[in-house]
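One structure is given below, encoded as structure tokens.
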Amino acid sequence: MTSETSRAGDLLVRIGAVVFVVGAVATLATITPLFLGSDPLPTAAYLVSMLMGVGFAVAGAGVLRSIAVQRREAREAARR
């Protein structure tokens, strides 16, 4: 197996990372007006910042899926 081979859960980890970054940027955008003393952003901006947690959960699910597949493969290899 090469380093280029995609394993189970890799796509979930990548999607989770992208969603996390979007949420992190939204979080920075929502707290910046609080430090600058300007008007806060609308509620939608705060809702988008919640994507940070969603992305973390999706990436975690991808890691758990990868672990499960590796355990299954190890059990099958041990039986042989």
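The values are calculated or read from the model by the stated rules, or taken from the named source; none is laboratory data. As the structure is a computational prediction, the values presented were derived from the model and not from experiment. A quick note on method: Cβ atoms are made from the backbone with ideal geometry, for glycine too, and the neighbour counts reach across all protein chains shown. Heads up: the accessible areas ignore ligands, DNA and RNA and are worked out on the full protein's heavy atoms, side chains in. Shrake-Rupley method; radii C 1.70, N 1.55, O 1.52, S 1.80 Å.
Going 7 Å from the Cα of Ala8 in the Cα-to-Cβ direction, what parts of the range 53-75 have a backbone nitrogen less than 15 Å from that spot?
Of the residues in the range 53-75, 61-75 have backbone N under 15 Å from the label point off Ala8.
Tell me the relative contact order for the range 11-56 as a rounded percent, counting alpha carbon contacts under 8 Å between residues six or more apart.
Answer for the range 11-56 is 57 percent.
Measure nothing but the geometry: give the 0 to 90° angle between the long axis through the Cα atoms of 10-36 and the longest principal axis through the Cα atoms of the chain, rounded to 10°.
Helix 10-36 sits at roughly 20 degrees to that axis.
Express in nm, to one decimal, how much length is gained between Ser38 and Ile15 on full extension, taking 0.36 nm for each residue of separation and deducting their alpha carbon distance.
Contour length minus the Cα-Cα distance gives 5.0 nm.
Measuring with a 1.4 Å probe in the full set of protein chains, what accessible area per residue, in whole Å², belongs to the chain?
Result: 76 Å² of accessible area for each residue.
Could you work out how far helix 51-79 tilts from the main Cα principal axis of the chain, as a 0 to 90 degree angle to the nearest 10?
That works out to roughly 10 degrees.
In the chain, carbon and sulfur make up what percent of the accessible area (probe 1.4 Å)? Working shown, then result.
Working: 4120 of 6060 Å².
That share works out to 68 percent.
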